[in-house]
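Asks: Let me give you the structure first, and then I'll get to my questions.
The values are calculated or read from the model by the stated rules, or taken from the named source; none is laboratory data. All values reported here derive from a predicted model rather than from experimental measurement. Cβ sites come from the backbone with ideal geometry, for glycine too, and all protein chains shown count toward neighbours. Accessible surface areas use protein heavy atoms only, side chains included; no ligands, DNA or RNA. Shrake-Rupley method; radii C 1.70, N 1.55, O 1.52, S 1.80 Å.
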Amino acid sequence: MARKLIIDTDTAADDSFALLVGLLHPEADLRAVTIVAGNVDFEQQVRNALITVDQAGRSGEVPVFRGATDPLVRPWYEAKAHGDGKGNVEWPTPMQQAESVHGAQAIVDLANAYPGDIDLLAIGPLTNVALALAMDRDLPSKIRELWIMGGCDNSEGNVTAAAEYNFFVDPEAAQMVLSAGFATTIVTWTLTLAQATWDDQQLDTIRNMGTPLSEFFSILDAPNREFNGSVGVPGSTHPDSLTAMLLVEPGLIRRSSPRYVEVETHSELTRGYSLMDSREGRPSGVHMPNATVIEEVDEQGFYTKFMTLLETTVKRR
Ligand code: BDR
Ligand code: CA
């Protein structure tokens, strides 16, 4: 049976591609999209999610909720890699509108409607998840699995040398969520760079598919491809869609391990750094694993399965 799913997202480019996984993969039963402050202007993110639902032919079927418009305690920090997150072009006005209920409330409501039978995929800063946790302390036992895109596997980040974007933007939320007792799986920026970066040839192959969704993909992906070129990363990176795909296609995971993960919230120098420890016993004390960290995936399998989604025949209005 398909997995009931909530996607919490700062919708821009690869977040939209992760939404396509939730909207189109047969193993995903997407019940809600919740928007969190992150990549681009908040209302733009809401529009980007609605456009994606529309382009996937699912308008009116999956509700989109506005969530936190700022991190818990820090000012919003924009990502520079995605343009406006929708390829800097105009798309037809989506038929659907955002709901009036807050995104954190939607997470709590769905967790209580399907206790132990719904997964939460968090591909932006963890502010909405932290707020939902503050509203319902039993949330970790009601969410079947929490999948997070965030952090680095003890290596260099993409915002600072120490930190990956999602954990950098709201480190307090990340630490709160990681220490709350969810059944957590993490896909890191480290893994993304190594195994979910598609080169020019792969991106051209997608463009040449000539389907409505391959065109949607290529347009949204272009700003990221251009930005990456300017910082020496060839091609485009797919952290969020990799995380979404692994959730519904766990057979793509080749190696993972239980780790103790903690996020730096005090230092400005290493703000958002994620310590990922594989040893339970340290002279400083015993730290039990609180997350499974994915370390290796079937890279080609991810790319192929994503292309299959782009072949989907979309219902047009
Ligand atoms: C993460 O940051 C965002 O820019 C992307 O959407 C992704 O979720 C990668 O560090
Ligand atoms: Ca994201």
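Asks: Please specify each residue of the range 272-295 satisfying the condition of being among the acidic types (Asp, Glu) and either more than 18 Å from the chain's Cα centre (by Cα) or open to solvent by less than 20 Å² (accessible area, probe 1.4 Å) (or both).
Replies: Asp277, Glu280
Asks: Here's something else I'd like to know. Tell me, please, whether a residue that is of a type in the set (A, V, I, L, M) and within 26 Å of Thr160 (Cβ to Cβ) can be found in the range 304-314.
Replies: There is no residue in the range 304-314 that is of a type in the set (A, V, I, L, M) and within 26 Å of Thr160 (Cβ to Cβ).
Asks: Which one of these is surrounded by fewer than 13 Cβ atoms within 10 Å (Cβ to Cβ), aliphatic (A, V, I, L, M) and at pLDDT 95 or above: Leu269, Leu242?
Replies: One residue alone meets the criteria, Leu269.
Asks: Right, here's the next one. How many of the residues making up the range 283-308 are of a type in the set (Asp, Glu) and part of a loop (DSSP other than H, G, I, E, B)?
Replies: Residues that pass the stated criteria total 1.
Asks: Taking interchain pairs and intrachain pairs at least six residues apart, which have beta carbon atoms under 6 angstrom, with the first residue in the range 1-28 and outside any helix (DSSP H, G or I) and away from ligand 2 (no atom under 16 Å from the Cβ) and the second among the hydroxyl-bearing types (Ser, Thr, Tyr) and open to solvent by 10 Å² or more (accessible area, probe 1.4 Å)?
Replies: Listed by first residue and then by second, the contacts come to Lys4/Tyr114.
Asks: Here is a further query. From the list Asp119, Asp200, pick out the single residue that is touching a strand residue (DSSP E or B) at 6+ places or on another chain (Cβ under 7 Å), away from ligand 1 (no atom under 16 Å from the Cβ) and of a type outside the set (A, V, I, L, M).
Replies: Asp119
Asks: Can you tell me which residue in the range 182-202 is most open to solvent (accessible area, probe 1.4 Å), limited to those that are assigned to a strand (DSSP E or B) and farther than 30 Å from Ala134 by Cα?
Replies: Out of the qualifying residues, it is Thr197.
Asks: Another question, if that's okay. Being assigned to a strand (DSSP E or B), in contact (Cβ under 8 Å) with a residue 24 or more places away in the chain, open to solvent by 50 Å² or more (accessible area, probe 1.4 Å) and out of contact with any His (no Cβ under 7 Å at 6 or more places or on another chain) narrows it down to one residue among Arg47, Arg31; which is it?
Replies: Answer to the check: Arg31.
Yes or no, residue by residue, for (1) within 15 Å of ligand 1 (Cβ to nearest atom); (2) open to solvent by 10 Å² or more (accessible area, probe 1.4 Å); (3) modelled with pLDDT of 95 or more:
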site: Asp204; (1), (2), (3): no, yes, yes
site: Met209; (1), (2), (3): no, yes, yes
site: Glu215; (1), (2), (3): no, yes, yes
site: Phe227; (1), (2), (3): yes, yes, no
site: His238; (1), (2), (3): yes, no, yes
site: Gly251; (1), (2), (3): no, yes, yes
site: Val261; (1), (2), (3): no, no, yes
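Each row is one residue, and each column tells you yes or no for (1) of a type in the set (A, V, I, L, M, F, W, C); (2) within 16 Å of ligand 2 (Cβ to nearest atom); (3) in contact (Cβ under 8 Å) with a residue 60 or more places away in the chain.
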position	(1), (2), (3)
Asn128	no, yes, yes
Glu145	no, no, yes
Gly150	no, yes, yes
Val177	yes, yes, no
Ala180	yes, no, no
Ala183	yes, no, no
Ile186	yes, yes, yes
Ala196	yes, yes, yes
Gln202	no, no, yes
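Asks: Quick one: is Arg255 under 22 Å from the mean Cα position of the chain (by Cα), open to solvent by less than 60 Å² (accessible area, probe 1.4 Å) and at negative phi?
Replies: Taking the combined requirement at face value, the residue does not satisfy it.
Asks: Considering only the range 157-181, how many residues are open to solvent by 20 Å² or more (accessible area, probe 1.4 Å), closer than 26 Å to Arg144 by Cα and part of a loop (DSSP other than H, G, I, E, B)?
Replies: So the count comes out to 3.
Asks: Identify, from the list Val53, Val64, Val108, Val101, the residue that is away from ligand 2 (no atom under 14 Å from the Cβ), among the β-branched types (Val, Ile, Thr), more than 25 Å from Ser214 (Cβ to Cβ) and crowded, with 18+ Cβ neighbours inside 10 Å.
Replies: The unique qualifying residue is Val108.
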